[in-house]
Amino acid sequence: KQEVTQIPAALSVPEGENLVLNCSFTDSAIYNLQWFRQDPGKGLTSLLLIQSSQREQTSGRLNASLDKSSGRSTLYIAASQPGDSATYLCACKRVETGANNLFFGTGTRLTVIP
Amino acid sequence: NAGVMQNPRHLVRRRGQEARLRCSPMKGHSHVYWYRQLPEEGLKFMVYLQKENIIDESGMPKERFSAEFPKEGPSILRIQQVVRGDSAAYFCASSLGRVYNEQFFGPGTRLTVL
């Protein structure tokens with residue numbers, strides 16, 4: 001069974017700081033890993049998708065890396081802004097016949113202080 | 001190109017009533033997933049459907065819950081005889097393909113059982 005853990009559970013940083021969010025998963029047999037952000041009371045916005053054959057993906061100020069063998073992914077946010085405040089979720093899709101679901105971590109709640 | 005649409009956004013039911021949650025996937029997407037987010041918990045997979053077929057319902061409670069994705073119209077998640085423990089946010093996601101494709105999420109339906 002796949003278990004996904006995100007550390008820390010909450011993080012506060014001053015505006016402009018670079019930061020790293022961590023995600024670990026127990027079963028390295030995954031197809032891909034997605035990072036999402038969730039604003040309070042809202043749905044999930046997909047940020048980055050990394051296929052199992054890739055090492056990293058970049059979008060603007062975001063960079064996500066994947067190390068399948070060690071069961072880890074990181075989300076790097078450069079020059080953080082107050083608008084980045086949200087809960088960040090990672091989720092991975094396990095290799096399993098017929099299955100297509102994502103396993104989610106419980107998230108890191110990020111607060112960027114102006 | 002509208003994203004994944006869910007309605008209603010908020011639903012209040014009394015214990016014993018039925019709840020029907022609707023999800024319209026993104027245009028061109030034929031794969032639909034339902035996830036549940038209980039208060040202070042992570043998202044958990046419930047069911048994966050393609051048009052007219054349930055592919056994987058391993059996360060669905062055995063009783064009172066059912067899902068369908070008819071040939072025409074939205075996917076429906078139906079909860080019969082709701083109980084207070086069913087209060088949660090229910091998210092629908094869709095994807096273009098099965099394995100390697102990104103899942104896009106709707107805004108969710110927040111169900112409150114009185």
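The values are calculated or read from the model by the stated rules, or taken from the named source; none is laboratory data. Source: prediction; values computed, not measured. Note that we place each Cβ from the backbone using ideal geometry, even for glycine, and neighbour counts take in every protein chain shown. Surface accessibility is based on the protein's heavy atoms, side chains included, excluding ligands, DNA and RNA. Shrake-Rupley method; radii C 1.70, N 1.55, O 1.52, S 1.80 Å.
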Practice problem: Using a 1.4 Å probe and counting only protein heavy atoms, arrange B:E52, B:E41, B:E72 so the residue with the most accessible area comes first. | Solution: B:E72, B:E52, B:E41
Quiz item: How far apart, in nm, are two points set 7 Å out from the Cα along the Cα-to-Cβ line at B:V12 and at A:I113?
Solution: 3.8
Self-check item: Accessible surface buried once B binds A (1.4 Å probe; total of both sides; Å²)
Solution: 1800
Quiz item: Each residue of the range A:106-114 in turn: what ³J(HN,Hα) in whole Hz from Karplus with 6.51, -1.76, 1.60 and θ = phi - 60°, glycine and Pro shown as x?
Solution: 8, x, 10, 8, 9, 10, 9, 8, x
Quiz item: Averaged per residue, what accessible surface does chain A expose to a 1.4 Å probe, in Å²?
Solution: 45
Quiz item: Just which residues of the range B:30-49 lose 30 Å² or more accessible area with every protein chain there, against their chain alone, with the probe set to 1.4 Å?
Solution: B:Y35, B:G42, B:L43, B:F45
Quiz prompt | Karplus-derived HN-Hα couplings along the range A:18-29 (A = 6.51, B = -1.76, C = 1.60, θ = phi - 60°), whole Hz, x at Gly and Pro | solution = 8, 8, 10, 10, 10, 9, 10, 9, 8, 10, 7, 7
Quiz item: Once the dipole of the protein assembly as shown is set up with Lys and Arg at +1 and Asp and Glu at -1 on Cβ about the Cα centre, which of B:T109, A:T111, A:P8 lies farthest towards its positive end?
Solution: B:T109
Quiz item: Excluding ligands, DNA and RNA, what is the solvent-accessible area per residue of chain B at a probe of 1.4 Å, expressed in Å²?
Solution: 51
Self-check item: chain A, accessible surface, carbon-and-sulfur percent (1.4 angstrom probe)
Solution: 49
Quiz item: So how exposed is B:H29, as accessible area in Å² (1.4 Å probe, rounded to 10)?
Solution: 30
Exercise. At 7 Å along the Cα-to-beta-carbon direction for both A:Q51 and B:L38, put a label point, then send me their distance in nm to one decimal.
Key: 3.7
